[in-house]
Amino acid sequence: MNPKVAIRSETDADVGAITEVTVAAFRTLEVSNRTEQFIIIALRAARALTVSLVAEVDGRVIGHIAFSPVAISDGTRNWYGLGPVSVLPEYQRQGAGKALMQEGLSRLKDMNARGFCVVGHPDYYRKFGFRNVPGLVLEGVPQEFFFALSFDGHVPRGSVTFHDAFKANE
Ligand SMILES: CC(C)(COP(=O)(O)OP(=O)(O)OC[C@H]1O[C@@H](n2cnc3c(N)ncnc32)[C@H](O)[C@@H]1OP(=O)(O)O)[C@@H](O)C(=O)NCCC(=O)NCCS
């Protein structure tokens, strides 16, 4: 872990840097459709950025993570979706992503969130102990790429819907 990484909540002054970090992180990612920066802006405008944290090194924003509310068809409330999460390419593999994840989950638990879910690569998310949950699905996403973690033992069943802001493309 880069000992200089500090995690804190976003402020108004971070908005431009968060866009830059997000664009840079996803630029070369094959599965990305390059709309992640628009999703963050739309979530913020909808007041749905429940947790939005930046990672800083020497006062420079080098990473960002967002959590927003999701709806679950069985009526379970107080669950959140993770994403996007980004670290500038030159700062990756130094622990910033992990630090953002740990602080994000800690903040969600402090808010009495009941659980969270994320779409992503199994090699990465399994490291955090996240698992595919049979019976909890995100339409259009293969089950092996959809992860969930219950904080309170209740495991919802049904279909998950991320915030409308995830459809933002400009
Ligand atoms: C995914 C991302 C945020 C991870 O950030 P990071 O700062 O590089 O991650 P960390 O250094 O904290 O790594 C945490 C763990 O995951 C592993 N890891 C990091 N990137 C990985 C990858 N692409 N595939 C598999 N494992 C990975 C690390 O080795 C580390 O494991 P360890 O704890 O056993 O050593 C960053 O690589 C990124 O911005 N990628 C582009 C955007 C993206 O894919 N976002 C996620 C999808 S929404």
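The values are calculated or read from the model by the stated rules, or taken from the named source; none is laboratory data. Being a predicted model, the structure only gives us computed values, none of them experimental. Positions of Cβ are generated from backbone atoms using ideal geometry, with glycine treated the same way; all protein chains shown enter the neighbour counts.
The residues of segment 5-30 that are of a type in the set (Lys, Arg) and near the ligand (Cβ under 10 Å from one of its atoms) amount to a single one, Arg27.
Selection of segment 47-101 for residues being among the charged types (D, E, K, R) and under 27 Å from Val137 (Cα atoms) yields Arg47, Asp74, Arg77, Lys98. Exactly one residue out of Asn2, Asn33 is touching a strand residue (DSSP E or B) at 6+ places or on another chain (Cβ under 7 Å), outside any helix (DSSP H, G or I) and either within 15 Å of the ligand (Cβ to nearest atom) or closer than 23 Å to Ala165 by Cβ (or both), and it is Asn2.
Looking only at segment 70-98, residues that are crowded, with 19+ Cβ neighbours inside 10 Å, within 16 Å of the chain's Cα centre (by Cα) and modelled with pLDDT of 95 or more come to 12 in all.
Between a first residue in segment 48-76 that is at positive phi and a second residue that is of a type outside the set (Asp, Glu) and modelled with pLDDT under 95, which pairs have beta carbons less than 8 Å apart while being 6 or more apart in sequence or on different chains? These pairs meet every condition: Asp58/Lys4. The lone criterion from (1) within 13 Å of the ligand (Cβ to nearest atom); (2) within 24 Å of Glu10 (Cα to Cα) left unmet by Asp123 is number (2). Among residues that are modelled with pLDDT of 95 or more, under 15 Å from the mean Cα position of the chain (by Cα) and surrounded by 17 or more Cβ atoms within 10 Å (Cβ to Cβ), Phe130 is not included. Considering (1) under 24 Å from Ile41 (Cβ atoms); (2) in contact (Cβ under 8 Å) with a residue 60 or more places away in the chain; (3) buried (at least 21 other Cβ atoms within 10 Å of the Cβ); (4) of a type outside the set (Val, Ile, Thr), the lone condition that Phe116 does not fulfil carries the number (2). In segment 60-100, the residue that is nearest to the ligand (Cβ to nearest atom) out of those that are under 21 Å from Thr11 (Cα atoms) and polar (S, T, N, Q) is Ser86.
Cβ-Cβ contacts under 7 Å between residues 6 or more apart (or on different chains), taken from a first residue in segment 10-39 that is over 17 Å from Leu100 (Cβ atoms) to a second residue that is exposed (fewer than 13 other Cβ atoms within 10 Å of the Cβ), are listed as Thr35/Asn169; Phe38/Asn169; Phe38/Glu170. Within segment 44-58, how many residues turn out to be assigned to a loop (DSSP other than H, G, I, E, B) and either within 13 Å of Glu10 (Cα to Cα) or within 13 Å of the chain's Cα centre (by Cα) (or both)? Final tally of qualifying residues: 3.
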